[in-house]
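Worksheet for the structure shown next.
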Amino acid sequence: MVESRLRVIEGRTLPAMPVAWDPWEFQALCVEAFVASWRARGFSPVTVDNDIGLLERTLKALGRPAWDVTPEDIDRVVGGLALEGRAPSTRRGYVQIFKGFHRFLQARKAVEIEAAFGVRLICPVDEFNASRHVGDDSPALLPPPTPERVEEFFEFLKARIATARKYAPAARDYALFRTLYHAGLRSEEASLLDRPDVHFSRGPFGKLHVRFGKGAHTSGPRPRWVPMLDHLDLVLRWFLDDVRGKFPDSPALFADESGGHLHQGTVRNRLRYLMELEGRPAADRFSPHALRRACATHNYERGVDLVAIQQLLGHWTVSSNDEICPALGHVHRGRLSTCCDHHARRAHRRGTHVVNIKWKLRIAAAQREVWTGAQLRRLLAEKAGLELSSASVSALFTKEPSQVKMSTLAALCTALDCTPNDLIEVDTTPVERPAAPPRPAVDLPRVASARGRSMPPI
């Protein structure tokens, strides 16, 4: 008989979950873990602070632990916000922050919640109360302020610098909103700029290093370099030389009166306050984000291509520009031509291979004794089966087209018994990049107000 090798030993029981968990205490611990995950993903401190406040207001309004919330609770809270006249974006923010927190609970705390409270997590945000896009339940975006309206506002700020009781904050506001407009920054991105982020020696105009650019798809901060266009470098030189020293010493570029970074909410409040001081009607007022949209729109209107605008704004794709100004999504054919010319000139300056194309249809036709557009039109119909109008054939015959369909090119080759190389001559001669002279530092004369205050250069 085989000796048994099994025996009973004393073991330990599995640790039991506490049965007397206070639901509010447990939820507070979950919120702390949720916030820690934000920091681990690299969200900026300002974003974390804003979202913590929003989450706390949402949970307080719901009035019960997140795992006990029902779809009816969501309807009650969001409906109450609507009755209070809150904006669609505010209502959407409440729903989205709760949905993110509930998803975190499902991924990290589902087992503990079911063991402690006997609740299996099911998100109460369904297809009937889920947040909708801003375009679904709110009016279309208002057009951004015109260049004339923006300049009127800056003239008001400039006049206020000379007369305001506190010179430094008035001058800081002028430089701040000039930066939002000319660099296309978000208010949070501008408020987090430090003085070392201003690089006057990079590029022909200098650049801003936006270290806390808004990330896409929860990727965290995405830094980028933004050129200081339209004399923004002169404004920031004046601000750093004559104004910034009047605030407490700190790294912050646009500091508050204690030396810390301006909060993005303060930026919005300052602009609203200044608009009220200006005394214009409500229809003429705009937000900090409207200045960003104005930057995109006005650059587009003067011929800057969409890829450059995308990089300027820090967007993930070119199509994201439509969120700033819907007009950017409908590119006129002439604008596309302008964009292509701009890229060609830029490639020429870099010293790359610039493609020059010469249309040689008339030469190829003459070599085959085809002298008129009527003759060419007849050959196209007889040999290639392509019926073109007299005007279209005349344009091909006498002008250099900006584009030619592949089917038309094949028909021309068939009619004239030639190859595409007989019709098109391509020159890819490398062009040496000319040495760009360094941009001299502009030393503008100091302009002072009647009270002896330094005034901005533009």
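Read-outs: derived from the displayed coordinates by stated rules, not from any lab. Just so it is clear, the structure is predicted and the values come from calculations on it, not from any experiment. Glycine gets a Cβ as well: all are built from the backbone with ideal geometry, and neighbour counts include every protein chain shown.
Pulled fully out, how much extra length does the chain show between residue 272 and residue 60, if you take 0.36 nm times their separation in residues and subtract their Cα-Cα distance?
73.4 nm
How would you rank 184-193, 35-44, highest first, on the average number of other Cβ atoms within 10 Å across their residues?
Peptide ranking by packing, descending: 184-193, 35-44.
Looking at the stretch 258-309, which trypsin sites (Lys or Arg not before Pro) are in a loop (DSSP not H, G, I, E or B) and have at most 11 other Cβ atoms within 10 Å?
When the trypsin sites (Lys or Arg not before Pro) of the stretch 258-309 are filtered for loop state and at most 11 Cβ neighbours within 10 Å, 302 remain.
Could you work out how far apart the two model spin labels at residue 37 and residue 117 are, taking each label as a point 7 Å from the Cα in the direction of the beta carbon, and quote it in nm?
Result for the modelled spin labels: 1.6 nm.
Using a/c under 1.5 as the rounded threshold, could you call the stretch 183-251 rounded, prolate or oblate? The axes a ≥ b ≥ c are square roots of the C-alpha gyration tensor eigenvalues, and prolate needs a/b larger than b/c, oblate otherwise.
Verdict is oblate for the stretch 183-251.
Binning at 10 Å from 0, report for the stretch 60-124 what percent of all alpha-carbon pair distances ends up in each bin.
21, 49, 23, 7, 0
Please work out the ratio of the alpha-carbon Rg of the stretch 150-297 to 2.2 N^0.38 Å and round it to two decimals.
Expressed relative to 2.2 N^0.38 Å, the Cα Rg reads 1.01.
Classify the stretch 146-221 as rounded, prolate or oblate from the Cα gyration tensor: take a ≥ b ≥ c as the square roots of its eigenvalues, call it rounded if a/c is under 1.5, otherwise prolate when a/b beats b/c and oblate if not.
Prolate shape, in that a/c is at least 1.5 and a/b is the bigger ratio.
Rg (Å, one decimal) plus Dmax (Å, integer) for the alpha carbons of the stretch 212-285?
According to the Cα coordinates of the stretch 212-285, Rg and Dmax are 15.8, 41 Å.
Run the quick spin-label model on residue 103 and residue 407: label points 7 Å from Cα toward the beta carbon, then report their separation in nm to one decimal.
Here the answer is 4.6 nm between the modelled labels.
Sort out for me the Cα centre separation of the stretch 266-296 from the stretch 364-409, rounded to whole Å.
57
Considering the convex hull of the alpha carbon atoms of the stretch 71-204, report its projected area averaged over all viewing directions, in nm², one decimal.
Over every viewing direction, the Cα hull of the stretch 71-204 projects on average to 14.9 nm².
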